[in-house]
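The values are calculated or read from the model by the stated rules, or taken from the named source; none is laboratory data. Fair warning: this is a prediction, and the values are worked out from it, not measured in the lab. In this analysis, Cβ positions are derived from the backbone assuming ideal geometry, glycine residues included, and neighbour counts consider all displayed protein chains.
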C-alpha cells in the first residue's frame with residue numbers, strides 16, 4: 001500500500017499520541033471518525049502500524065542503569081545466542097547488525113552488580129563491549145513520509 005498524504009497525517013497524530021481518538025484525528029485532518037478508523041484498520045492489517053504500547057520509565061520502576069551492549073559472537077554461537085536472548089528480561093531492544101559486532105542490545109539494569117552478572121551470562125557467546133547510557137537525545141522520533 002502506498003500511503004497518501006491523508007494517511008501520513010493520521011500516522012503523525014498516532015505517533016505523537018496513540019491514545020488520540022479517531023474523532024479528534026478526523027477533526028484535525030478533515031474527515032469523519034469512521035473514515036479515520038477505516039484507514040487505521042487498513043494500516044494495521046497491512047503491518048504499517050505494528051502495534052500500540054505504553055512507554056515505561058525504567059528509572060521510576062527501579063532500574064538505575066541503561067546500557068548498550070554489543071556482542072561479537074564466537075564461531076557457532078550466534079544461533080544459540082539468538083535463541084537465548086529472548087529469555088533475558090534485561091534486554092528491551094536487540095538488533096542483529098553488520099560490521100565487527102553481530103548484535104546490539106539496549107538493556108536496563110538495577111545496578112553495576114546486575115550489569116556484571118548480565119555480562120557474565122553473555123561471555124560464553126562472544127566478546128562484549130558495553131556503553132552506559134547517560135541520557136536519551138531523541139525519543140521515538142516520528143517516522144515521516146520518505
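Just to be sure, is residue 109 at pLDDT 95 or above, over 21 Å from residue 74 (Cα atoms), outside the structural domain of residue 14 (by TED's automatic domain parsing) and surrounded by 11 or more Cβ atoms within 10 Å (Cβ to Cβ)? The answer is yes for residue 109. Only one of the numbered conditions (1) closer than 30 Å to residue 122 by Cα; (2) touching a residue at least 40 places away in the same chain (Cβ under 8 Å); (3) exposed (fewer than 13 other Cβ atoms within 10 Å of the Cβ) is violated by residue 74, and that is (3). Considering (1) over 30 Å from residue 17 (Cβ atoms); (2) in contact with a helix residue (DSSP H, G or I) (Cβ under 6 Å, 6 or more places away or on another chain); (3) without any contact (Cβ under 8 Å) to a residue 40 or more places away in the chain, the lone condition that residue 49 does not fulfil carries the number (1).
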